[in-house]
Amino acid sequence: MITRGASRLARSMMSHIGPRYYSIIRPVAGNEAGNGVVSGASFNFLHGNSINAFEKTMPWETYKADLSIDMKKHHEPITLLDKVAYWTVKALRVPTDLFFQRRYGCRAMMLETVAAVPGMVGGMLLHCKSLRRFEHSGGWIKALLEEAENERMHLMTFMEVSKPKWYERALVLIIQGIFFNVYFMTYILSPKLAHRIVGYLEEEAIHSYTQFLKELDEGNIENVAAPAIAIDYWRLTQEATLKDVVMVVRADEAHHRDVNHFASVRTKHGKKFQSLSTI
């Protein structure tokens, strides 16, 4: 009955909002029924009564990473703001290296709890600005919120891989609380600086995931089967491994790097937001 209800909801959405937006509601890997919704059985983190039956049949948006993107691209810090952003990120890396060392699964989990914040903060502030000024954002609100969702899915994936301990979860709460407020104020004062910081954070993320892949190739980390949530989200094959997951996550980070470095110059000389179509 619930599945039929979800199907009726999907058809209703199709008739009201059209095929362009309905296209995100589609069968994905792990859903053999092919009925446009994801079966709860395809996710290994959904157990028994952990969620109700309705949530198990909710539509699931998928994502396709671009593995051909340049992983070595680097924005050379030129202006004062660039240098502030660059050295801020470099300073943040020191305690991270000391705490996590070569525990790349836990490191990735912690990294994604921070990485999922900027897109949400930026999208929220631009959304409010658009409402106040009665003007469009040039596609930036949607782009930043999609970035936040993509980073959140990275976190959900590495939660399955790393199985964080209680003190690591506590550390997440502390770091996220501090970073959210600091980034919020930074974005209000200087969106250019905020986006440049994220651009350099993404460059560090690419480096970390490259080291993760190296450890997997050398056999220092077991190349286990990919979590079901990753197979469904990135549309990977059923035989996908942790290495495949790290590769698509690294590609996502490279995309976010380019978007945020571009965003940092979109208001140069006081101009309005530059449309995303110019990327």
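The values are calculated or read from the model by the stated rules, or taken from the named source; none is laboratory data. It should be emphasised that the depicted structure is a prediction, and the values quoted were computed from it without experimental measurement. We place every Cβ from the backbone using ideal geometry, glycine too, and count neighbours over all the protein chains shown.
Which count do you get for residues in the stretch 158-180 that are free of Cβ contacts under 8 Å to residues at least 40 places away in the same chain and either exposed (fewer than 12 other Cβ atoms within 10 Å of the Cβ) or among the hydrophobic types (A, V, I, L, M, F, W, C) (or both)?
Within the stretch 158-180, the first condition is being free of Cβ contacts under 8 Å to residues at least 40 places away in the same chain, and the residues that meet it are 163, 165-167, 169-170, 173-174, 177-178.
With the extra rule that they be either exposed (fewer than 12 other Cβ atoms within 10 Å of the Cβ) or among the hydrophobic types (A, V, I, L, M, F, W, C) (or both), the set shrinks to 163, 165-167, 170, 173-174, 177-178.
Number of matching residues: 9.
Scanning the stretch 126-140 for residues that are assigned to a helix (DSSP H, G or I) and in contact with a helix residue (DSSP H, G or I) (Cβ under 6 Å, 6 or more places away or on another chain) yields LEU126, HIS127, TRP140. For the stretch 200-209, indicate whether the set of residues that are more than 15 Å from the chain's Cα centre (by Cα), in the same structural domain as VAL117 (by TED's automatic domain parsing) and hydrophobic (A, V, I, L, M, F, W, C) is non-empty. No, the stretch 200-209 has no match at all. Of GLU151, GLU146, all but one fail to be at pLDDT 90 or above, in a helix (DSSP H, G or I), surrounded by fewer than 18 Cβ atoms within 10 Å (Cβ to Cβ) and assigned by TED's automatic domain parsing to the domain that holds LEU193; the exception is GLU146. Screening the candidates PHE158, PHE184 for the property of being assigned by TED's automatic domain parsing to the domain that holds LEU111, modelled with pLDDT of 95 or more and assigned to a helix (DSSP H, G or I) yields one hit, PHE184. Residues that are surrounded by 14 or more Cβ atoms within 10 Å (Cβ to Cβ) and among the small types (Gly, Ala, Ser) within the stretch 208-241 comprise SER208, ALA225, ALA226, ALA228, ALA230, ALA240, listed in sequence order. Identify the residue in the stretch 247-279 that is part of a helix (DSSP H, G or I), modelled with pLDDT of 70 or more and basic (Lys, Arg) and, among all such residues, is nearest to LEU216 (Cα to Cα). The selected residue is ARG250.
If you go through the stretch 217-241 and pick out every residue that is in a loop (DSSP other than H, G, I, E, B) and in contact (Cβ under 8 Å) with a residue 24 or more places away in the chain, you end up with 8.
Out of the stretch 181-216, which residues are more than 23 Å from LYS83 (Cβ to Cβ) and either without any contact (Cβ under 8 Å) to a residue 12 or more places away in the chain or in contact with a strand residue (DSSP E or B) (Cβ under 7 Å, 6 or more places away or on another chain) (or both)?
Pass one, the stretch 181-216, residues more than 23 Å from LYS83 (Cβ to Cβ): 181, 209-216.
Residues satisfying the conditions are ASN181, LYS214.
Can you find a residue that is exposed (fewer than 15 other Cβ atoms within 10 Å of the Cβ), assigned to a loop (DSSP other than H, G, I, E, B) and modelled with pLDDT under 65 anywhere in the stretch 56-68? Checked the stretch 56-68: at least one residue is exposed (fewer than 15 other Cβ atoms within 10 Å of the Cβ), assigned to a loop (DSSP other than H, G, I, E, B) and modelled with pLDDT under 65.
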